[in-house]
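What follows draws every value from the coordinates through simple rules; no lab data is involved. Fair warning: this is a prediction, and the values are worked out from it, not measured in the lab. So basically every Cβ, Gly included, is an ideal-geometry build from the backbone, and we count neighbours across all protein chains shown.
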Amino acid sequence: MSAIHCVLQSVPLPPALEQQLSAACAQRGAPLLPPGSDPGDSGDHVTVLVTHASAGASADMIAQLPALRAICSLGVGLDAIDLDAAARRGIVVSNTPDVLTECVADLAMGLLIDVARGISAADRLVRRGDWARSGPPGPATRVSGKRLALLGMGRIAQAIATRAGGFRMEVRYHSRSAKPELAWRHEAALAQLADWADFLVVACAGGPATHHLVSAQVLQRLGPRGFLVNIARGCVVDQTALVAALQQGALAGAALDVFEDEPRVPPELLALDNVVLLPHVGSATRETRSAMALLLLDNLQSFLEHGELVTPAG
Ligand code: NAP
């Protein structure tokens with residue numbers, strides 16, 4: 001006999017997922033508190049919190065839910081969930097890994113090629129009518145055969161490295177641990193990796209341990225012919241140092257899907273033509289978003305029925 005549950009959805013989710021969530025809870029007789037509802041007394045009964053990677057679950061929120069036993073999050077990043085606060089209370093956490101890996105890796109390669117070849121910048125030039133007025137842009141930077149450094153060597157970084165093989169790029173990486181089973185070379189010092197690289201792609205986890213790991217010094221070592229791509233978390237890069245490096249010509253360009261204070265983008269970046277700016281759309285394809293939604297529902301249903309998650313994090 002399954003336990004009695006109450007589910008709190010703390011953030012708005014895609015409409016189709018909200019409908020499925022509501023149906024899954026109704027089928028199991030679990031009340032569903034929608035976002036914006038004041039949990040009030042019901043907060044005492046909430047056993048499952050449904051959230052997404054950007055909103056997460058703070059220590060304060062966890063403390064307000066004394067009966068909480070599971071957090072089901074849409075997305076793979078865990079940096080906005082206070083995992084220590086959850087662990088202290090024995091609260092289990094699920095995310096939606098693997099199903100988004102390929103699309104995020106596709107976007108990383110798209111950003112890398114865009115910033116190196118100046119695709120978005122050339123598109124802007126054509127739209128302004130400058131092709132007819134002053135000719136095509138000057139030569140850009142070659143991608144094939146270049147040196148690709150990855151910060152992180154998890155699921156997404158490995159998918160990027162595999163794609164880079166198709167471009168005959170040489171790949172090295174920096175992560176907490178070396179992975180001798182992989183074909184790519186581990187570099188113990190990020191600054192030395194930046195010295196070597198033509199492109200540095202940030203693909204590691206966010207959170208305090210990686211905060212500003214891409215520092216002013218790392219950017220300086222990447223140098224005026226180096227490009228930065230970030231598809232991980234804005235907080236991994238010192239954004240102020242990045243803006244300064246770009247303005248001074250100390251970095252060739254940057255392509256960013258994530259920012260330190262989303263959705264705010266520094267106006268200085270908007271003024272630069274050698275940057276590509278995206279609104280955190282790494283996993284945003286119909287196919288991947290629907291696979292993520294199904295995995296979140298699988299986790300929720302499994303917990304409501306058996307008290308176990310399908311993809312527990314950590
Ligand atoms: P993953 O498989 O867990 O890989 C995380 C990697 O980060 C691991 O290689 C890990 O190193 C490395 N890492 C963690 N702490 C580090 C540190 N202090 N120094 C150096 N490396 C460190 O995660 P994933 O599925 O590849 O996802 C990576 C990140 O991408 C997520 O955490 C998320 O924030 C971001 N993401 C962004 C989007 C988007 O829309 N732009 C979408 C999905 C995910 P070890 O291997 O040594 O442990």
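Kirkwood hydrodynamic radius (Cα pairs, Å) of region 188-288? 13.6 Å is the Kirkwood radius here.
When both region 75-148 and region 181-226 are represented by their alpha-carbon centers, they are found 16 Å apart. Here the chain is assigned +1 on the Cβ of each Lys and Arg and -1 on the Cβ of each Asp and Glu. Its dipole about the Cα centre then comes out at about 1140 debye. Kirkwood's formula applied to the C-alpha pairs of the chain gives a hydrodynamic radius of 21.0 angstrom. Rounded to the nearest 20 debye, the dipole size of region 101-277 about its Cα centre is 460 debye, using +1 on the Cβ of Lys and Arg and -1 on the Cβ of Asp and Glu. Looking at region 164-251, the trypsin sites (Lys or Arg not before Pro) that sit in a DSSP loop and have at most 14 other Cβ atoms within 10 Å of their own Cβ are ARG168, ARG176, ARG225. Helical content of the chain, expressed as a calculated mean residue ellipticity at 222 nm, amounts to -10500 deg cm²/dmol (DSSP H runs of 4 or more residues, -39,500 (n - 2.57) each, divided by residue number, nearest 500). Net charge in the neighbourhood of ASP195 (other residues with Cβ under 13 Å of its Cβ; Lys, Arg +1, Asp, Glu -1) is +2. Go through region 211-314 and name the GluC sites (Glu not before Pro) that are in a DSSP coil and have 14 or fewer other Cβ atoms within 10 Å of their Cβ. The qualifying sites are GLU308. Toward the positive end of the charge dipole of the chain, with +1 on the Cβ of Lys and Arg and -1 on the Cβ of Asp and Glu, the farthest Cα among VAL218, SER22, PRO136 is that of PRO136. Rounded to the nearest 10 degrees, the angle from helix 286-306 to the longest Cα principal axis of the chain is 30 degrees.
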